[in-house]
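Engineer: Below: one structure in structure tokens.
The values are calculated or read from the model by the stated rules, or taken from the named source; none is laboratory data. Given the structure is predicted, the values throughout are model-derived calculations rather than measurements. When we count neighbours, we look across all protein chains shown, and the Cβ atoms used for this are built from the backbone with ideal geometry, even at glycine. When the accessible area is computed, the model is the full protein with side chains, heavy atoms only, and any ligands, DNA or RNA have been set aside. Shrake-Rupley method; radii C 1.70, N 1.55, O 1.52, S 1.80 Å.
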Number of protein chains: 2
Amino acid sequence: MSAPVIILSRPQLGENIGAAARAMKNFGLFDLRIVAPRDGWPNKKAGIMAVGAVDVLDKAGLYDDAAAALGDLQFVVAATARERGVTKPVLTPFEAARRLRETAADGTRCGILFGSERSGLDNDEISLASAVVTIPTTEFSSINLGQSVVLLCYEWFRAMDATPAMRIDHGPVAKKATREEMIQLFEHLEEELLKSGFLYPPSKETPMIRNLRALLNRADMTDQEVRTLRGVIVALAKGKYRRRPPEGA
Amino acid sequence: MSAPVIILSRPQLGENIGAAARAMKNFGLFDLRIVAPRDGWPNKKAGIMAVGAVDVLDKAGLYDDAAAALGDLQFVVAATARERGVTKPVLTPFEAARRLRETAADGTRCGILFGSERSGLDNDEISLASAVVTIPTTEFSSINLGQSVVLLCYEWFRAMDATPAMRIDHGPVAKKATREEMIQLFEHLEEELLKSGFLYPPSKETPMIRNLRALLNRADMTDQEVRTLRGVIVALAKGKYRRRPPEGA
């Protein structure tokens, strides 16, 4: 599946072209087309902002107008914040990315079209597109061009990204503690707390033990962390005895 | 519900601080805290990049270290791309936003912590946070600081945004065509096509009509557009008759 082409129509600031290239490479898009950039091409500031993505800039195509830049594409989404009264589907970035994925899956050539910093896309440019995508915002809706490209590239990547919503990095050796290791930890702690008098009077014992077990379970520990905590208990218990020996010691 | 505080630890470039402020305002976050900015504070370049969000910069708090900037917060997510071997939940931006919303709902004070452009957050800073958020990328994982702030602010906003995934802007007066208006359009077109000989031979008639109806249905037209198309049919049919009168005319 080919990633969408990014078309920047009449961009003004090299910094934004460079930021677009960097974001494209972050999120797996590589085909950049630039229509009539105000400050000419190539642009030194674009290169500085692109950091490790200068290859995207080097391969970028240069065009005189948006129609020429879009000619070979089959499904194009125009990014605009304005209400235009043009009867065309207006998509969220999430939905645009979903449709782009769905459309590109059979080899259909797709693109996302962005307008200039000053005035965005004009109605002629929007009329070339199949749909409009609008980034939802507060009432302060003026989004930087480079940032708009970032958001749409991110949504494209995310639409197929399989990163789990939550994972815990246990490092190279540690693994999640077994229930047995947790139970041994509970019993070790409770034994020492009983000796120390912390669980006195007996009416306090059961609810306190339950609370401590809940807290320790919630921490979702590794086997290594259980061993560390058991070391902590030994150290604290010893220290306690040293300072104030229990009766009969 | 209070939006999360954005904490930038040791930022280097004023441009990124300004870009962060602008994105915050786009997506409904207002509390910015800046820890030991390299080029001092206030920063002129930050003001230029913030455009309409200088109010966020003006109210920003200045701190000596991350611990001081986080002191009053109760749930903090640290944004980092690196694998650290620290056993802490690593969330996607989507999941981080979901948890921030869920956590902030009862008044819990939340924040998102970002590191410097050069090296991100160090392990001491990460140890102050409750969880880590990592933006999924291709192997080219170096994301601009300003852009990272944009993506996380966007996900925060999106987590409660009710914009429909797709809507069609029919403008102030037009409304979706009724089925009756569509059927009249079909019959008008088919009558003219029959007269013109386009539907000949009769074996072609039914499949051709079905294809045309499917196409017109797919366009999901307004009443105004139906009237426009009927005008188009009249104009074309007249033109045709003018150029080459049908037999018997």
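Engineer: Using Cα atoms only, what is the angle between the long axis of helix A:145-158 and the major principal axis of chain A, expressed in degrees (0 to 90) to the nearest 10?
Structural biologist: Orientation of helix A:145-158: about 60 degrees from the principal axis.
Engineer: Something else about it: Largest first, how would B:Glu139, B:Glu155, B:Glu190 line up by accessible area (1.4 Å probe)?
Structural biologist: Reading off the accessible areas and sorting them downward yields B:Glu139, B:Glu190, B:Glu155.
Engineer: Below 16 Å, Cα to Cα, which lysines can B:Lys25 reach? Residues fewer than 8 away in the same chain don't count.
Structural biologist: Partners within reach: B:Lys59.
Engineer: Post the alpha-carbon centroid distance, region B:190-224 to region A:155-232, in whole angstrom.
Structural biologist: Result: 70 Å between the Cα centres.
Engineer: Counting pairwise Cα distances across region B:179-238, what percent come out greater than 15 angstrom?
Structural biologist: Counting pairs separated by more than 15 Å, the tail of P(r) holds 49 percent.
Engineer: Treat every Asp and Glu Cβ in chain B as -1 and every Lys and Arg Cβ as +1, leave all other atoms uncharged, and give the resulting dipole magnitude about the Cα centre to the nearest 20 debye.
Structural biologist: Dipole size: approximately 1100 debye.
Engineer: Between A:Pro37, A:Pro201, A:Pro164, which gets the highest mean-square fluctuation from a Gaussian network model of chain A, Cα cutoff 10 Å?
Structural biologist: Among A:Pro37, A:Pro201, A:Pro164, the largest mean-square fluctuation in the Gaussian network model of chain A belongs to A:Pro201.
Engineer: What 222 nm value per residue comes from the helices of chain B, counting each DSSP H run with n ≥ 4 as -39,500 (n - 2.57) and dividing by all residues, nearest 500 deg cm²/dmol?
Structural biologist: Calculated at 222 nm, the ellipticity per residue is -14500 deg cm²/dmol.
Engineer: Per residue in region B:8-29, which ones lose no less than 30 Å² of accessible surface when going from chain alone to all protein chains (1.4 Å probe)?
Structural biologist: Hits at the 30 Å² cut-off: B:Arg22, B:Lys25, B:Asn26, B:Phe27.
Engineer: Would you work out the charge dipole size for region B:110-231 about its Cα centre, treating the Cβ of every Lys and Arg as +1 and the Cβ of every Asp and Glu as -1, and quote it to the nearest 20 debye? Don't skip to the end; give the middle numbers.
Structural biologist: On the way: 13 positive and 18 negative charges, 130 e Å.
Magnitude of the dipole: close to 620 debye.
Engineer: For region A:179-238, with the dipole built from +1 on Lys and Arg beta-carbon atoms and -1 on Asp and Glu ones, taken about the Cα centre, which of A:Ile183, A:Gln224, A:Leu212 lies farthest toward the positive end?
Structural biologist: Result: A:Leu212.
Engineer: Among the listed pairs A:Lys45/B:Lys44; A:Lys238/B:Lys88; A:Lys175/B:Lys88, which have their C-alpha atoms separated by more than 23 angstrom in this model?
Structural biologist: Correct reply: A:Lys238/B:Lys88.
Engineer: Now for a different question. What does the buried accessible surface come to for B and A, summed over both chains, with the probe at 1.4 Å? Round to 100 Å².
Structural biologist: Buried area between the two chains comes out at roughly 4400 Å².
Engineer: Carbon and sulfur together cover what percent of the accessible area of chain B at a 1.4 Å probe radius?
Structural biologist: 55
Engineer: A follow-up question, please. Could you report the accessible area of A:Arg109 in Å², rounded to 10, computed with a 1.4 Å probe on the protein chains as they sit in the structure?
Structural biologist: Spelled out: A:Arg109, probe radius 1.4 Å, area about 120 Å².
Engineer: Can I get the semi-axes of the protein assembly as shown's equivalent ellipsoid? Compute them from the C-alpha gyration tensor as square roots of 5 times the eigenvalues, in angstrom, largest first.
Structural biologist: Largest first, the protein assembly as shown gives 59, 28, 20 Å.
Engineer: Using a cut-off of 18 Å between alpha-carbon atoms, which aspartates and glutamates can reach B:Lys204, once sequence neighbours fewer than 8 places away in the same chain are excluded?
Structural biologist: Straight-distance partners of B:Lys204: B:Glu187, B:Glu190, B:Glu191, B:Glu192.
Engineer: Accessible area per residue for the protein assembly as shown in Å², computed with a 1.4 Å probe and the full protein assembly in place, what is it? Walk me through the numbers before you get to the answer.
Structural biologist: Details: 25520 Å² over 498 residues.
Value returned for the protein assembly as shown: 51 Å² of accessible area per residue.
Engineer: Can you give the relative contact order of region A:5-158 as a percent, counting alpha carbon pairs under 8 Å and 6+ residues apart?
Structural biologist: Numbers: 291 pairs, mean separation 49.5, N = 154.
It rounds to 32 percent for region A:5-158.
Engineer: For region A:5-158, count the residues as N, evaluate 2.2 N^0.38 Å, and divide the Cα radius of gyration by that value, please.
Structural biologist: Working: Rg = 14.1 Å, N = 154, 2.2 N^0.38 = 14.9 Å.
For region A:5-158, the normalised Cα radius of gyration is 0.95.
Engineer: Now a separate question. In degrees from 0 to 90, rounded to the nearest 10, what is the angle of the helix B:14-26 Cα long axis to the longest principal axis of chain B?
Structural biologist: On a 0 to 90 degree scale, this one is about 50.
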